[in-house]
Every structure is written in C-alpha cells, then in structure tokens.
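What follows is one structure encoded as structure tokens, with my remarks underneath.
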Amino acid sequence: MHRKNILVAIPVFNEVAVFHIVQQVKNFALDVLVIDDGSTMNLHKELTKVENIRMIVHPRNLGYGKAIISAFRYARKNNYDYLLTIDGDGQHEPEEIRLFLEKIPFFTYDILSGSRYFFPGELDEEVPRERYIINRKITAILNRITGFCLTDSFCGFKAYRVEKLKLLHLTEHGYGMPLQLWMQAWKAGLLVREIPVKLIYKDLTKRFHGILENPDTRLQYYKTIIRKELSDTGYHNAPGSRMQRVVRY
C-alpha cells in the first residue's frame, strides 16, 4: 500500500495541541488534512504556516460530527483508499498510528476502530466517571442492536476503507455522530474490528458545553440518535445486516 493512498484527518476547534500532533503525524509520511471547525484563536492563520498539510476551514463551529463528515467527503472526492481519523486535542497518541498502518491494507473488515477500554479491568489512568458510565451504557445498547461487540463506541481513533464510506449518509453534526455511524454501518452490512489504543485524558476538568453539560441530557441525546436510526425502516431489510459481528483483535 502506497502511503499516498492514505489520508490522516484531524478535527480541531481551538486546540493548540494540534500543531504537535500534525508534526508527529507527518513523521509517517502520510497526507494530513486538518479540519478547522470554526476556531476563534487565529488557529487557521497559524496552521497556514505549516508546510505540506491540507485544510478545510468551517466558517463557524459546526460540530465534531460535521468535521468528520467533511473529512469523509474529502477522502472520497480525492480518491484515497484509507482514511485515518485522530482527535486534535492530544487525547490520542499519534505514535499509535503505526498500529493502524500495520493492518493496512485490510479487506476482511471495513472499519478498524480504536478502543480505550479493550482490556477490562486494566484502566490505570483516571477517567471522568460520568463519561465512562455513559460510554458503557451506550456501547451496551449498540451491541444489543448490532451484535458488533464493541468495547468503546466513542473513540475517534479509526481507520476506514474509503470506498465503503459512500454507504453512509451521516447527518449528525454533534458529538453523537459516532452513534449514527455505528448504526448506519450495521444497516449497510459493514464489518468492524477493534484494536486497543492508549487511554489518555489530559484534562480531567474538560466539560461539554450547553445542554450537553448535563449527563442525563447527554445520555438522552445519544439514545435519541439511536432510536432515530432504528426508525428508518429503509435500512431494516439490508441483506445480512443483522448477522454482522466484530472481528476480534
């Protein structure tokens, strides 16, 4: 696999850690795309000084989900074979991109998803309790529906076969986008594999904003996305979709 056929996309909103992340990703000699989701800290201006990166700039903050959707569209339009996504806040270890590259090219699954909770009982790092509990609850719901056997439904560290992204029609612009992605992947009959990645929480005080700051409201928001996808009967009879399972690492 020629590395020019692989794109690494980094969504960012006011996270200065992105500069260090970009430099680390460039060590792999991969194409780098930064999606600036309406940053207000002159981030765009500073990023334009970084050599050999591609950029998408949203005119205002549209949401994490919209940034990933923009990356999907860019990867398809520019004929990449694989897309890797890594968050721009420093909570993924760029060095672990090698774990994904070791699996590329992959053909027996369509999404290779990082999991921070792959090994139960081995959580050495402190984890924001409410986030962990909500992750567990939502992951369990998704597994009952899809049979994917996921251990971490919210990790943004992923690799995709770009040709399969055309089967997804994502419209959720917020933090709940990964749940819409999993549901649509199931309905489209895509295959998923998880690999363990480091659990990193650099800022335990970091909070959601607005109504999502309330954990109960956030949980209901996530459940609403899942219910909406279930109610879309246009996908319910996708051939073989209910038979898909995660390929375990």
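Worth pointing out:
- Qualifying residue in the range 127-140 (condition: among the hydrophobic types (A, V, I, L, M, F, W, C), exposed (fewer than 15 other Cβ atoms within 10 Å of the Cβ) and at pLDDT 95 or above): yes
- Residue, modelled with the lowest pLDDT, within the range 209-223, restricted to residues that are exposed (fewer than 15 other Cβ atoms within 10 Å of the Cβ) and either in contact with a Gly (Cβ under 8 Å, 6 or more places away or on another chain) or not in a helix (DSSP H, G or I) (or both): His209
- Of all the numbered requirements in (1) open to solvent by 30 Å² or more (accessible area, probe 1.4 Å); (2) at pLDDT below 95, Phe154 misses one, and that requirement is (2).
- Those residues of the range 20-54 which are open to solvent by 60 Å² or more (accessible area, probe 1.4 Å), in contact with a helix residue (DSSP H, G or I) (Cβ under 8 Å, 6 or more places away or on another chain) and either part of a helix (DSSP H, G or I) or farther than 18 Å from Thr85 by Cα (or both), in sequence order: Glu46
- If you go through the range 128-158 and keep only what is touching a Ser or Thr at 6+ places or on another chain (Cβ under 8 Å) and of a type outside the set (Phe, Trp, Tyr), you end up with Asn135, Ile138, Thr139, Leu142, Leu150, Thr151, Asp152, Ser153, Cys155, Gly156, Lys158.
- Members of the range 1-46 that are within 28 Å of Arg161 (Cβ to Cβ) and either modelled with pLDDT under 90 or touching a His at 6+ places or on another chain (Cβ under 6 Å) (or both): Met1, His2, Arg3, Lys4, Asp36, Asp37
- Residue in the range 72-92 that is at pLDDT 95 or above and farther than 24 Å from Leu170 by Cα present: no
- In the condition set (1) open to solvent by 10 Å² or more (accessible area, probe 1.4 Å); (2) among the hydroxyl-bearing types (Ser, Thr, Tyr); (3) in contact with a helix residue (DSSP H, G or I) (Cβ under 9 Å, 6 or more places away or on another chain), Thr108 is compliant with all but (3).
- Members of the range 163-195 that are farther than 19 Å from Arg227 by Cα, buried (at least 21 other Cβ atoms within 10 Å of the Cβ) and of a type in the set (A, V, I, L, M, F, W, C): Leu165, Leu190, Val192
The values are calculated or read from the model by the stated rules, or taken from the named source; none is laboratory data. What you see is a predicted model, and the numbers here were worked out from it, not measured in a lab. In this analysis, Cβ positions are derived from the backbone assuming ideal geometry, glycine residues included, and neighbour counts consider all displayed protein chains. With ligands, DNA and RNA removed, areas are computed over all heavy atoms of the protein, side chains included. Shrake-Rupley method; radii C 1.70, N 1.55, O 1.52, S 1.80 Å.
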